[in-house]
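The values are calculated or read from the model by the stated rules, or taken from the named source; none is laboratory data. The model shown is predicted, which means the values in this text are computed figures rather than measured ones. All Cβ positions, glycine included, derive from the backbone under ideal geometry; neighbour counts span all protein chains shown. Surface accessibility is based on the protein's heavy atoms, side chains included, excluding ligands, DNA and RNA. Shrake-Rupley method; radii C 1.70, N 1.55, O 1.52, S 1.80 Å.
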Amino acid sequence: MVKLTLVGRLRDGMPLSQTPAHLIEDNEAFLASYRQKAELVLREISAGALTKPKMTILVDHCCFHYLIGNGTCCIALCDAWYPRKLAFHHLQDLHEELEKVDNRIVESFLEPYSFTRFDYVIGNIRNRYLDTRTQANLYKLNSDRRNYVDIPTQEFSNILRNCQTSGTDVGTSATITHAQATIWSSHLLEVIALKWTPITILMMVAAILLWTGVVLNEYNTLTAW
């Protein structure tokens with residue numbers, strides 16, 4: 001299935017939009033790891049290190065598929081078994097929706113993942129491709145196979161090695177930068193806050209009561225003399 005989708009701007013390699021968090025079935029650690037890898041791929045495309053207009057990149061038990069068009073790049077992370085043809089149909093649908101957006105809007109964003117309105121478009125298109133056995137998807141799989149035979153494939157480890165050789169900072173993540181700017185936009189931090197804030201308050205109250213009890217006990221001891 002399509003696990004994660006990212007839309008970025010080629011001019012500066014900035015990620016603009018992504019799959020809404022509530023649609024992602026994998027845990028936050030998984031998401032953060034592969035989102036950072038997708039951001040690295042986007043930066044490499046923006047820098048001209050990856051020149052193909054579309055490509056499949058093998059990483060672990062998954063694949064990144066990307067498609068370039070009209071100054072933007074759409075990247076999808078899919079399971080290795082997911083049909084590549086459907087993955088690129090999914091990316092093509094995204095590009096068709098992007099073409100409806102005024103280019104001045106795409107160029108106006110200054111912070112990563114600011115194009116939140118497009119997140120819902122990504123979510124809606126993703127839902128069309130969850131079931132590979134629908135009539136629409138089966139038709140796409142069985143039609144015009146020639147366009148998907150010659151798509152180049154590369155290992156992510158090779159891209160990472162080239163980055164390290166060229167001195168590219170592979171650890172820099174737009175996700176981290178964005179989270180620093182708007183820390184409570186992180187779903188993980190919201191979960192942590194909701195879980196641990198009440199516990200922390202209870203522990204503080206208990207500590208204050210314990211301290212008060214000790215002080216009162218010492219006071220009573222002293223006044224008894």
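Annotations
- Qualifying residue in region 74-90 (condition: farther than 20 Å from PRO152 by Cα and either among the hydroxyl-bearing types (Ser, Thr, Tyr) or outside any strand (DSSP E or B) (or both)): no
- The requirement of being under 23 Å from CYS62 (Cβ atoms), assigned to a helix (DSSP H, G or I) and either at pLDDT 90 or above or hydrophobic (A, V, I, L, M, F, W, C) (or both) is fulfilled somewhere in region 187-208, by at least one residue.
- From the options ARG35, ARG11, ARG104, residue that is under 14 Å from the mean Cα position of the chain (by Cα) and either assigned to a helix (DSSP H, G or I) or of a type outside the set (A, V, I, L, M) (or both): ARG35
- Yes/no for ARG11 being touching a residue at least 60 places away in the same chain (Cβ under 8 Å) and buried (at least 19 other Cβ atoms within 10 Å of the Cβ): no
- Among the conditions (1) part of a helix (DSSP H, G or I); (2) more than 19 Å from GLN92 (Cβ to Cβ); (3) not acidic (Asp, Glu), LEU42 misses just one, which is (2).
- Unique match (being more than 17 Å from the chain's Cα centre (by Cα), on the phi < 0 side of the Ramachandran plot, hydroxyl-bearing (Ser, Thr, Tyr) and open to solvent by less than 10 Å² (accessible area, probe 1.4 Å)) among THR56, THR51: THR56
- For ASP93, the conditions (1) surrounded by fewer than 20 Cβ atoms within 10 Å (Cβ to Cβ); (2) touching a helix residue (DSSP H, G or I) at 6+ places or on another chain (Cβ under 8 Å); (3) under 22 Å from GLY48 (Cα atoms) are fulfilled apart from (3).
- Total residues in region 59-101, condition at positive phi and within 18 Å of the chain's Cα centre (by Cα): 1
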